[in-house]
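Just below is one structure, and these are the notes that go with it.
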Amino acid sequence: MYARVLVLAAVFAAASPSLTLPERVRRVVLEVGSNDDPVVAVGEDALTIAFEPLMDVVARTRPHANLRMVPAAVTADGEAGLRAFHFYNDRGWSSSLGTPAQPGQFWNNAPARGDGTVALVPALGLGDVLDSLGSVDVALLKTDMQGADFGAVASAGTRVRRIAWLLTELWVDNVRTYAGFNNDLCRDWLPHMAAHGFSLVGLDCGGALADLPSCGGAPADAWTADGAACCAANRAEHPNATAGLRECDALWARDGATGDPPPVPPGVWENVWGPSMVIT
């Protein structure tokens with residue numbers, strides 16, 4: 001497996017016009033920032049390609065026939081090259097191409113576990129990754145990039161339209177977790193995704209309805225019914241940008257996408273050490 005992931009990384013880094021996938025593969029799941037619990041596509045015709053730049057994390061990820069790990073980051077600007085990658089939190093769960101907007105929080109304040117350690121890692125642009133896949137269907141893109149999510153998706157431009165469903169980590173309530181990135185639901189994601197033909201169909205901020213960002217007292221499903229109105233109400237409640245930890249996962253559907261969204265098992269929302277998560 002180790003040799004295989006190095007070969008995959010070399011293919012992407014060389015900006016190959018196409019990636020030679022197993023002949024059986026007709027649909028692909030892409031996961032960026034998989035850590036050691038990637039979502040694994042199910043079916044003879046399916047394959048997950050997961051990007052994780054920390055080599056020790058790649059090495060401890062449980063192998064699966066439908067999983068290929070690529071030991072590389074994906075950039076927020078679409079450019080490939082070597083990038084500084086910062087280690088944070090237990091098992092590297094909060095590691096990022098960026099640095100904390102609010103240093104000294106529990107997830108970035110422990111030098112004994114390596115918080116703040118910097119490594120140079122190979123990094124790729126999402127647009128190049130999509131181009132390398134040829135004509136295969138991209139069923140799902142899942143990102144957990146600690147702030148770089150929006151930049152990565154935006155850098156792909158109209159190529160993001162080939163993806164049917166996206167599950168992305170983002171920031172809410174005008175709170176910024178990492179410095180130097182734009183990743184806000186209202187300011188960045190909603191207008192960009194609408195312009196590219198995607199709708200917000202789900203929002204998860206920890207599992208409890210009370211954890212969802214406020215929509216001016218409207219019901220929780222108001223976010224997927226009229227995100228723009230919710231954003232206006234939310235901005236009125238949170239007019240000033242702050243630094244801290246206020247992250248959610250958003251599910252986006254391409255307009256006209258056929259079928260139901262890929263089922264999201266409970267563990268997908270969390271980094272859980274155990275068997276790789278499965279998605280059909």
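The values are calculated or read from the model by the stated rules, or taken from the named source; none is laboratory data. Small disclaimer: the values here were computed from a predicted structure and weren't measured. Every residue, glycine as well, gets a Cβ built from its backbone with ideal geometry; the counts of neighbours run over all protein chains shown.
Quick rundown of the values:
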quantity	calculated
Residues being crowded, with 18+ Cβ neighbours inside 10 Å and either touching a Phe, Trp or Tyr at 6+ places or on another chain (Cβ under 9 Å) or charged (D, E, K, R) (or both) - total across the stretch 186-216	9
Among residues of the stretch 217-235, those that are closer than 29 Å to W107 by Cα and exposed (fewer than 13 other Cβ atoms within 10 Å of the Cβ), counted	0
Out of L212, L170, sole residue that is closer than 27 Å to G92 by Cβ and either of a type outside the set (G, A, S) or in contact with a Pro (Cβ under 8 Å, 6 or more places away or on another chain) (or both)	L170
Leading residue by the ranking (surrounded by the fewest Cβ atoms within 10 Å (Cβ to Cβ)) among those in the stretch 27-69 that are in contact with a helix residue (DSSP H, G or I) (Cβ under 9 Å, 6 or more places away or on another chain) and assigned to a loop (DSSP other than H, G, I, E, B)	L54
Whichever residue in the stretch 90-102 is at pLDDT 95 or above and not aliphatic (A, V, I, L, M) and, among such residues, is farthest from P53 (Cα to Cα)	Q102
Filtered residues of the stretch 122-143 (kept if buried (at least 21 other Cβ atoms within 10 Å of the Cβ) and among the charged types (D, E, K, R))	D128, K142
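The rows are residues; the columns are (1) free of Cβ contacts under 8 Å to residues at least 12 places away in the same chain; (2) aromatic (F, W, Y); (3) not in a strand (DSSP E or B).
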site	(1), (2), (3)
G104	yes, no, yes
A112	yes, no, yes
A123	no, no, no
V129	no, no, yes
V160	no, no, yes
